[in-house]
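Q: Supplied in structure tokens, the structure appears directly below.
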Amino acid sequence: MLSFWTIQRAAGTGTLSGIAALFLWPAYAAWEQVEPVFVAALALTAFCGLSMLAISIHDLATRKRGTIMRRVRAFDIVWGCLLAGPTLAVLTDFF
């Protein structure tokens with residue numbers, strides 16, 4: 001995996017792009033010209049969520065962790081699912 005792409009960066013970027021997609025959603029409903037920007041925000045959110053899942057699963061599979069870090073990774077997995085799941089469902093309408 002890429003060393004500069006961390007779970008913290010994925011979470012921050014995914015959250016911000018998800019918020020941007022939420023703000024772009026009404027604009028997309030009103031103006032079809034916003035569609036490429038809206039789809040890009042959704043795609044970035046989905047990518048970040050999926051990368052959070054991949055990083056968390058890789059970390060849990062390869063490193064021995066204590067109970068506190070397992071709880072943190074469980075939160076990361078839930079957050080990754082919350083970022084990736086709804087955005088992938090919406091993206092299926094575009095492709």
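Bear in mind these aren't lab numbers, they're just calculated from the coordinates by the rules spelled out. Bear in mind that the values here come from a model prediction, so they are computed numbers and not experimental data. Cβ: placed from backbone, ideal geometry, glycine included. Neighbour counts: every protein chain shown.
Q: How large is Rg over Rh for the chain, taking Rg from the Cα atoms and Rh as the Kirkwood inverse mean of 1/r across Cα pairs?
A: Radius of gyration over Kirkwood radius for the chain works out to 1.07.
Q: Quick one: Karplus J couplings for segment 84-91, per residue in order, coefficients 6.51, -1.76, 1.60, θ = phi - 60°, nearest Hz, x for Gly and Pro?
A: Whole-Hz 3J(HN,Hα) from phi for segment 84-91: 7, x, x, 5, 5, 5, 6, 5.
Q: Let me ask something else. Using each residue's phi in segment 43-49, evaluate 6.51 cos²θ - 1.76 cosθ + 1.60 at θ = phi - 60° and report the 3J(HN,Hα) Karplus result to the nearest Hz, with x for Gly and Pro.
A: Result, ordered by residue: 5, 5, 5, 5, 4, 5, x Hz.
Q: What are the ³J(HN,Hα) couplings of segment 26-37, residue after residue, when phi is run through the Karplus curve with 6.51, -1.76, 1.60 and θ = phi - 60°? Round to Hz, x for glycine and proline.
A: For segment 26-37, the Karplus curve yields x, 5, 5, 5, 8, 10, 5, 5, 7, 3, x, 5 Hz.
Q: While we're on this one: Report the full-extension gain for the segment residue 62 to residue 89: residue separation times 0.36 nm, less the Cα-Cα distance, to one decimal in nm.
A: Length gained, residue 62 through residue 89: 6.7 nm.
Q: Kindly provide the trypsin sites (Lys or Arg not before Pro) of the chain that DSSP labels as loop, not H, G, I, E or B, and whose Cβ sees at most 10 other Cβ atoms within 10 Å.
A: 63, 64
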